[in-house]
Amino acid sequence: MKKILCVCIAVIITFVFVFTFASCSEQGKLNADGTASGDHVVAVINGVKILRGEIEETIDDYLYPYNATQKTDAELETYRQEALQQLILQEILRQKAKELGYGDLTKEELEEVDKTYNKYYESMIDTFISVLRSEDYNNGVNDEVLYSYDYTEDAIKRFEEYLDEGKKYTLKRFKGKDSFEKQKESFKENYVLLTKLCNDIVENNVEITNKQIKDKYNSILSEQKSEFKSLLVYEECYIENLKSLIEDGKESIIFIYIPEGLRYIRNIKILFDESLIAELVILEDAMYTADDYRQSLKANVDAAQSSEDKTQAQKEYVKATADYNEAKAAYETKLNESSEAIADKMQEIHDKLKSGEDFIKVMQEYNMDNDKYYDENGFLIWSNSPRYPKGVISESMKLENPGDRSEIFYTPEGGNIVLYSSAIESKVVSMDDTKEDIKGMILDDVKMQEFFEFADVWTDEADLVRYDSVLIAPYSYS
């Protein structure tokens with residue numbers, strides 16, 4: 001049951017919200033101005049009505065985080081069609097569950113649902129904290145993602161260090177759209193609709209071949225190698241699974257790959273004032289942006305076919321290089337000026353370490369960095385790690401052996417001294433060691449596919465009437 005629950009989780013989450021309205025307009029009819037209101041009927045399934053307002057709520061809840069409000073009319077029409085299909089399927093499953101006599105969940109099932117939903121919710125919070133830490137969020141790109149969920153007070157407190165006052169206020173305005181407990185209750189209902197129906201309806205005697213297992217194993221390994229190379233912001237699940245494999249010696253959710261070049265580090269950091277950090281971050285970003293642009297123009301020089309194109313590309317590259325050098329000088333000048341305020345403290349730390357004092361003891365005495373990613377082993381990093389400043393990564397990767405320590409260096413956050421704490425051995429868990437788990441994944445996939453084939457049959461058998469003119473009409477919020 002636990003495996004099926006994991007397979008169903010994504011589908012259940014899309015069904016969490018259930019909306020009801022007090023009354024309905026005449027079926028298939030529009031307002032006099034050709035618009036549809038929330039109480040207009042878009043479909044009837046065995047006598048149960050789905051309203052246009054439910055469609056708009058579904059789009060708002062699940063597409064607004066991805067800027068659905070900026071989509072074209074044609075794209076929004078597609079989203080409405082998909083939302084209607086979701087709601088139709090949900091209602092058909094609800095009716096089938098009732099027909100088969102499903103009632104309340106057992107104590108064991110309730111505990112499993114609570115555990116799974118809470119884990120999902122915590123994962124969502126960690127992912128959004130990752131968004132808040134990102135440059136995209138600071139540029140305002142991901143505000144909608146943050147404000148689209150109903151957070152508990154605890155979640156809001158965890159966000160606060162990443163939010164300015166305006167965003168804190170906005171976040172609290174969105175809280176209460178649908179209560180956390182109501183979401184969990186809907187989650188439990190959909191557990192009945194999907195998991196229990198799936199377990200009882202679908203046969204378990206599916207034959208899984210060795211070729212299927214090998215193909216799935218290779219697909220998982222290829223995907224995880226690709227994920228490692230392209231990590232940007234949404235890396236929380238990947239990192240935690242990676243750490244589980246490193247620290248526990250076993251795969252977590254079929255996580256089988258430890259890349260080369262990973263290491264744990266410890267960092268003693270003395271922070272600049274917040275205003276200085278903000279200014280230095282802007283200057284550093286300008287420097288790296290200028291460098292990225294310069295490198296792209298260098299590629300144009302190398303790719304130019306004619307002498308005329310090459311000359312033009314070279315001029316642009318020279319100009320971009322001058323801009324980069326100017327941005328770099330501005331950053332380094334400000335960084336050097338800023339470092340003077342904490343230079344004595346950093347030298348004091350350096351001298352203690354040089355005299356032989358234990359790094360962890362000195363770190364406990366001086367360190368001002370309370371990063372949430374630090375654990376008993378230190379920070380897990382690699383050459384393109386997205387979690388930490390480039391300067392910290394660069395200096396850490398220069399250290400050759402565990403036990404090596406850096407000299408003092410400065411980043412936009414402050415002064416640093418890094419210890420190479422321990423090396424991580426590259427590892428690929430063998431197919432034999434994961435065979436049963438992978439077989440279970442394939443079986444779950446097959447069962448879910450068969451289950452939705454049953455759902456298609458139930459849909460065909462249902463007394464279903466759709467009013468597409470109501471579905472695609474302009475929506476009236478009045």
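Restricted to region 10-63, and to residues there that are hydroxyl-bearing (S, T, Y) and closer than 22 Å to V465 by Cβ, the residue that is modelled with the lowest pLDDT is T20.
Within region 369-378, none of the residues are surrounded by 13 or more Cβ atoms within 10 Å (Cβ to Cβ) and either of a type in the set (A, V, I, L, M, F, W, C) or assigned by TED's automatic domain parsing to the domain that holds R158 (or both).
Checking each residue of region 271-290 against the condition of being touching a Ser or Thr at 6+ places or on another chain (Cβ under 6 Å) and closer than 20 Å to Y410 by Cβ gives at least one match. Hey, any hits in region 469-478 for a residue that's over 30 Å from D39 (Cα atoms), part of a loop (DSSP other than H, G, I, E, B) and not assigned by TED's automatic domain parsing to the domain that holds I59? For region 469-478, residues over 30 Å from D39 (Cα atoms), part of a loop (DSSP other than H, G, I, E, B) and not assigned by TED's automatic domain parsing to the domain that holds I59: absent. Of all the criteria given as (1) surrounded by 14 or more Cβ atoms within 10 Å (Cβ to Cβ); (2) farther than 30 Å from Y331 by Cα; (3) of a type in the set (S, T, Y), the one not satisfied by T411 is (2). Please determine, by comparing only the residues of region 262-288 that are among the aliphatic types (A, V, I, L, M) and within 30 Å of V428 (Cβ to Cβ), which one is modelled with the highest pLDDT. Among them, the one singled out is I265.
Please go through region 76-93 and pick out each residue that is acidic (D, E) and either under 13 Å from W458 (Cα atoms) or crowded, with 19+ Cβ neighbours inside 10 Å (or both). Result: E91, single match. Of the listed requirements (1) touching a residue at least 40 places away in the same chain (Cβ under 8 Å); (2) surrounded by fewer than 17 Cβ atoms within 10 Å (Cβ to Cβ), N416 misses just one: (2). Please work out if T72 is modelled with pLDDT of 65 or more and either closer than 25 Å to R94 by Cβ or surrounded by 13 or more Cβ atoms within 10 Å (Cβ to Cβ) (or both). For T72, the condition - modelled with pLDDT of 65 or more and either closer than 25 Å to R94 by Cβ or surrounded by 13 or more Cβ atoms within 10 Å (Cβ to Cβ) (or both) - is not met. For beta carbons closer than 8 Å, sequence separation of 6+ or different chains, a first residue in region 301-323 that is modelled with pLDDT of 90 or more and a second that is in a helix (DSSP H, G or I) and hydrophobic (A, V, I, L, M, F, W, C), the qualifying pairs are Q314/V301; E316/L297; Y317/L297; Y317/V301; A320/A290; A320/L297; D323/A290.
So, I438, is that one within 27 Å of the chain's Cα centre (by Cα), surrounded by fewer than 20 Cβ atoms within 10 Å (Cβ to Cβ) and assigned to a helix (DSSP H, G or I) or not?
In short, no.
Taking the listed residues N367, N401, the one that is in contact (Cβ under 8 Å) with a residue 24 or more places away in the chain and on the phi < 0 side of the Ramachandran plot is N367, with no other qualifying.
Can you confirm whether S469 is closer than 30 Å to L280 by Cα, of a type outside the set (A, V, I, L, M, F, W, C) and surrounded by 13 or more Cβ atoms within 10 Å (Cβ to Cβ)? Against the criterion (closer than 30 Å to L280 by Cα, of a type outside the set (A, V, I, L, M, F, W, C) and surrounded by 13 or more Cβ atoms within 10 Å (Cβ to Cβ)), S469 does not qualify. Elements of the type helices (runs of 4 or more DSSP H) sitting completely within region 188-249 and holding at least 2 residues that are at pLDDT below 65 and not hydroxyl-bearing (S, T, Y): these cover 236-248.
The values are calculated or read from the model by the stated rules, or taken from the named source; none is laboratory data. Bear in mind the structure is a predicted one, so any value in this text is a computation, not a measurement. A quick note on method: Cβ atoms are made from the backbone with ideal geometry, for glycine too, and the neighbour counts reach across all protein chains shown.
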